[in-house]
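Some notes on the structure that comes next.
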Amino acid sequence: MPKVLCYLPGLEGGGAERTMVNLANGLPAQGWQVKLAVGRAVGGARDWLAPHTEVVDLAVQRSRQAPLRLRRLIRDWQPDVVFSTLIDGNVAARVACLGLRHRPALVVRETNSHQARGDLPGWLTRIAGWAYRGADHLVALSSGVGQEMIHSYHLSPQRVTVIPNPVDTTSLRQQADAARAAPPPWGAASSRPVVVGMGRLHRQKGFERLIEAVALLPADQRPRVAILGDGSLRDALSAQAQALGVDLLLPGFVRSPAAWLAHAAAFVLSSRWEGFGHVLVEAMACGVPVLSFDCPYGPRDIILSGQNGLLLPEGDCPALASALSGLLSSPEQQQGLRQGGYAAVPNYDLPAITGRYAALLAATLNGKKR
């Protein structure tokens, strides 16, 4: 049985961590022996680990320790493939594999646009380019991210594959169906609809744009806004909502969001950039209509606007406000988008996507052996 060492810098509860944990949980069923190495084994993603998934905590305190400790693990366990994600993780994996006598195949996974985020120093993009050119294969989450990696880092298109995130859509739909029989998690004190956003409270996610859009609606037509996640912008978002007269719920990190999504009137992705948009698929699986800005690059791969969601011009808060108003007042549109979302989610189901990853890891390993 071939061995794959999956590497993550940490176990925070973001989409990259969720995907890597899902894959580490699922690859054994595809014929792979798996270990999940993490720089620091703390964070909300621990809750998503399956009992059979072996986790190695490298106990990294400083980023420069990661390559050395990862290298020792690679030498001791001798995996056939090292599979990493996130820039820090990919650079650490590339350094860890340098000069090994029996170097494993290296597959790196890029989750986002480096250009759109605009906060990467030049030295880091140069190192990322070096790491990605030295990998045996790169997985991109969307076609836009893949094309950017090819052009920005001069990669061979044959060594770049687009694979979306795996999402446990079957379980999410079952959880949501069951949750509808219970009161909503925010209580039943208000009859106003609730619009949900989900993700780290970070500039990337653009939650202040969601609040701004809701504030553009007449006061008596404004839905409540629930943002599931933790982060440094919590106080700023709370202050903005209070100043604009928007009723904002901030429950923090929610391990299982299905109950919130099941009772939501709509889900909004307000991000400035999003390599894929894992939360869009989760919302679709839970039967909630989705709206998203057309940010670089993931949402346009997922949403067929008007069929399974609404895709709006990037950063256009008035357009988002208008679309929300129309959707919340139209049960027919809500039902149409809900059914379109249900029809789309099998494309992202966990077993199918895990199988694509397993096939790619095998092909990369076989290609390296030839």
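Can you name every one of the strands (runs of 3 or more DSSP E) wholly within the stretch 22-123 that holds 2 or more residues which are under 29 Å from Met149 (Cα atoms)?
Details: elements: 33-40, 54-57, 81-85, 105-110.
The strands (runs of 3 or more DSSP E) meeting that bar are 33-40, 81-85, 105-110.
Take the stretch 192-207 and flag every residue that is touching a residue at least 60 places away in the same chain (Cβ under 8 Å) and not aliphatic (A, V, I, L, M). Step through it out loud before you land on a result.
Filtering the stretch 192-207 down to residues touching a residue at least 60 places away in the same chain (Cβ under 8 Å) leaves 193-200, 203-207.
Once the filter is applied, which keeps residues that are touching a residue at least 60 places away in the same chain (Cβ under 8 Å) and not aliphatic (A, V, I, L, M), the stretch 192-207 yields Pro193, Gly197, Gly199, Arg200, Arg203, Gln204, Lys205, Gly206, Phe207.
Any residue in the stretch 138-152 that is assigned by TED's automatic domain parsing to the domain that holds Leu23, in a loop (DSSP other than H, G, I, E, B) and within 23 Å of the chain's Cα centre (by Cα)? Walk me through how you get there before you give the answer.
Let us first name the residues in the stretch 138-152 that are assigned by TED's automatic domain parsing to the domain that holds Leu23, namely 138-152.
Next, from what is left, pick out any that are in a loop (DSSP other than H, G, I, E, B): 141-142.
In the following step, the residues that additionally are within 23 Å of the chain's Cα centre (by Cα) were identified as 141-142.
Taking every residue of the stretch 138-152 in turn, at least one turns out to be assigned by TED's automatic domain parsing to the domain that holds Leu23, in a loop (DSSP other than H, G, I, E, B) and within 23 Å of the chain's Cα centre (by Cα).
Identify the residue in the stretch 32-53 that is of a type in the set (Val, Ile, Thr) and closer than 22 Å to Gly199 by Cβ and, among all such residues, is surrounded by the fewest Cβ atoms within 10 Å (Cβ to Cβ).
Among residues in the stretch 32-53 that are of a type in the set (Val, Ile, Thr) and closer than 22 Å to Gly199 by Cβ, the one surrounded by the fewest Cβ atoms within 10 Å (Cβ to Cβ) is Val42.
Being surrounded by 15 or more Cβ atoms within 10 Å (Cβ to Cβ) and of a type in the set (A, V, I, L, M, F, W, C) is the filter here; which residues of the stretch 322-351 pass it? Talk me through it step by step, then tell me what you get.
The initial filter retains those residues of the stretch 322-351 that are surrounded by 15 or more Cβ atoms within 10 Å (Cβ to Cβ), namely 322-325, 327-328, 333-334, 336-338, 340-342, 344-345, 348-350.
Within the stretch 322-351, Ala323, Leu324, Leu327, Leu328, Leu337, Ala344, Val345, Leu350 qualify.
Can you name the residue in the stretch 145-157 that is surrounded by 17 or more Cβ atoms within 10 Å (Cβ to Cβ) and out of contact with any helix residue (DSSP H, G or I) (no Cβ under 8 Å at 6 or more places or on another chain) and is also nearest to His278 (Cα to Cα) among such residues?
Per the stated criteria, the residue is Val145.
Quick one: which helices (runs of 4 or more DSSP H) lie wholly within the stretch 153-247 and hold at least 3 residues that are among the small types (Gly, Ala, Ser) and over 19 Å from the mean Cα position of the chain (by Cα)? Spell out how you get there, then give the answer.
On the way: elements: 169-179, 207-215, 234-244.
Those helices (runs of 4 or more DSSP H) span 169-179, 234-244.
Exactly one condition in (1) farther than 22 Å from Phe276 by Cβ; (2) not in a helix (DSSP H, G or I) is not met by Arg133; state its number.
Arg133 satisfies all of (1) farther than 22 Å from Phe276 by Cβ; (2) not in a helix (DSSP H, G or I) except (2).
Quick test for you: out of Leu233, Leu248, Leu237, Leu244, pick the one residue that is touching a strand residue (DSSP E or B) at 6+ places or on another chain (Cβ under 6 Å) and either of a type outside the set (Asp, Glu) or surrounded by 15 or more Cβ atoms within 10 Å (Cβ to Cβ) (or both). Talk me through it step by step, then tell me what you get.
Working: Leu233 fails: touching a strand residue (DSSP E or B) at 6+ places or on another chain (Cβ under 6 Å); Leu237 fails: touching a strand residue (DSSP E or B) at 6+ places or on another chain (Cβ under 6 Å); Leu244 fails: touching a strand residue (DSSP E or B) at 6+ places or on another chain (Cβ under 6 Å).
Unique residue meeting the criteria: Leu248.
From the list Gly43, Gly14, which residue is of a type outside the set (Asp, Glu), in the same structural domain as Ser142 (by TED's automatic domain parsing), in contact with a helix residue (DSSP H, G or I) (Cβ under 9 Å, 6 or more places away or on another chain) and at positive phi? Break it down into steps so the answer makes sense when it comes.
Details: Gly14 fails: at positive phi.
Exactly one residue qualifies, and that residue is Gly43.
Please go through the stretch 110-127 and give me each residue that is touching a residue at least 60 places away in the same chain (Cβ under 8 Å) and closer than 24 Å to Ile74 by Cβ, ordered by number.
As a first pass, look at the stretch 110-127 and keep what is touching a residue at least 60 places away in the same chain (Cβ under 8 Å): 110-113, 115-117.
Result: Glu110, Thr111.
Which numbered condition trips up Trp48, out of (1) under 22 Å from the mean Cα position of the chain (by Cα); (2) within 29 Å of Asn366 (Cβ to Cβ)?
(2)
If the requirement is being under 19 Å from Leu98 (Cβ atoms) and at pLDDT below 95, which of these qualifies: Leu124, Leu141? Give the steps one after another, and end with the answer.
Numbers: Leu141 fails: under 19 Å from Leu98 (Cβ atoms).
Every option except Leu124 fails the conditions.
May I ask you to list the residues in the stretch 64-101 that are out of contact with any Lys or Arg (no Cβ under 6 Å at 6 or more places or on another chain), closer than 21 Å to Val21 by Cα and either of a type in the set (S, T, N, Q) or not assigned by TED's automatic domain parsing to the domain that holds Thr111 (or both)?
Gln78, Ser84, Asn90
Based on what the data block shows, is Ala24 surrounded by 19 or more Cβ atoms within 10 Å (Cβ to Cβ), free of Cβ contacts under 8 Å to residues at least 60 places away in the same chain, within 22 Å of Gly355 (Cβ to Cβ) and not assigned by TED's automatic domain parsing to the domain that holds Val279?
Details: surrounded by 19 or more Cβ atoms within 10 Å (Cβ to Cβ): yes; free of Cβ contacts under 8 Å to residues at least 60 places away in the same chain: yes; within 22 Å of Gly355 (Cβ to Cβ): yes; not assigned by TED's automatic domain parsing to the domain that holds Val279: yes.
Here the answer is yes, as Ala24 does meet what is asked.
Can you report the number of residues in the stretch 30-53 which are hydrophobic (A, V, I, L, M, F, W, C) and at pLDDT below 95?
Applying the first criterion (hydrophobic (A, V, I, L, M, F, W, C)) to the stretch 30-53 yields 32, 34, 36-38, 41-42, 45, 48-50.
This time we only want the ones that are at pLDDT below 95, so: 41-42, 45, 48-50.
Of the residues in the stretch 30-53, 6 are hydrophobic (A, V, I, L, M, F, W, C) and at pLDDT below 95.
Can you tell me which condition Pro104 does not meet? The list is (1) closer than 19 Å to Leu138 by Cα; (2) free of Cβ contacts under 8 Å to residues at least 40 places away in the same chain, and all the others hold.
(2)
Within the bounds of the stretch 158-176, is there any residue that is more than 27 Å from Asn22 (Cβ to Cβ) and exposed (fewer than 14 other Cβ atoms within 10 Å of the Cβ)?
Quick first cut of the stretch 158-176, residues more than 27 Å from Asn22 (Cβ to Cβ) only: none.
So far as the stretch 158-176 goes, no, none of its residues is more than 27 Å from Asn22 (Cβ to Cβ) and exposed (fewer than 14 other Cβ atoms within 10 Å of the Cβ).
Which of the residues that make up the stretch 259-299 are surrounded by 24 or more Cβ atoms within 10 Å (Cβ to Cβ) and among the acidic types (Asp, Glu)?
Passing the criteria: Glu274, Glu282.
The values are calculated or read from the model by the stated rules, or taken from the named source; none is laboratory data. Everything numeric here is computed off the predicted structure, so don't read it as measured data. Cβ atoms come from the backbone with ideal geometry, glycine included; neighbour counts cover every protein chain shown.
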